[in-house]
Amino acid sequence: MRLERDMDFIRELLLKIEAGQTHFNTMSSSTARALMIDLDAPVSDEDADKLAYHLKLLEEGGIITVGHRSGGGDVMVDAITWAGHDFLDNVKDSEVWAKTKAGANAMGGAAFDVMTALAKGFLKKKLLDHTGVEIDL
């Protein structure tokens, strides 16, 4: 299976973590069956791999800190880092997020830092439109 970074999924994960979810189970149903473990909610191999991959990316990118990772697929997130909060604050607004994604897609994709800068630019424009105050972000 080919795994690619999915920025929508990253945003969703960060929103869940900010809302208080700290426990994620990355064990697929097929792995659980093979190990004779009963899972509360079935998870496809593809979804389990995607979740594990993106949590690892967020950790490696310094966006979250992980306190515990078990061999059974449990991942306990300690916190969103300062950089993670900055990114999330910039893309929390769905209108800003849609424009950020459209801008990145128009360029054929964009790195995390470029997407953050795009979101800041759209947020700055929105603030100017709503308040008439120009600020330097």
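The values are calculated or read from the model by the stated rules, or taken from the named source; none is laboratory data. The model shown is predicted, which means the values in this text are computed figures rather than measured ones. Every residue, glycine among them, receives a Cβ derived from its backbone with ideal geometry; neighbour counts consider all protein chains shown.
All of PHE122, PHE87 fail the test of being outside the structural domain of THR26 (by TED's automatic domain parsing) and either among the aliphatic types (A, V, I, L, M) or in contact with a Leu (Cβ under 8 Å, 6 or more places away or on another chain) (or both), apart from PHE87. Scanning segment 18-32 for residues that are modelled with pLDDT under 85 and assigned to a loop (DSSP other than H, G, I, E, B) gives THR26, MET27, SER28. Elements of the type helices (runs of 4 or more DSSP H) sitting completely within segment 33-137 and holding at least 2 residues that are under 18 Å from GLU4 (Cα atoms): these cover 45-60, 94-106, 112-131. Of all residues in segment 94-120, those being surrounded by 15 or more Cβ atoms within 10 Å (Cβ to Cβ) and free of Cβ contacts under 8 Å to residues at least 12 places away in the same chain number 2.
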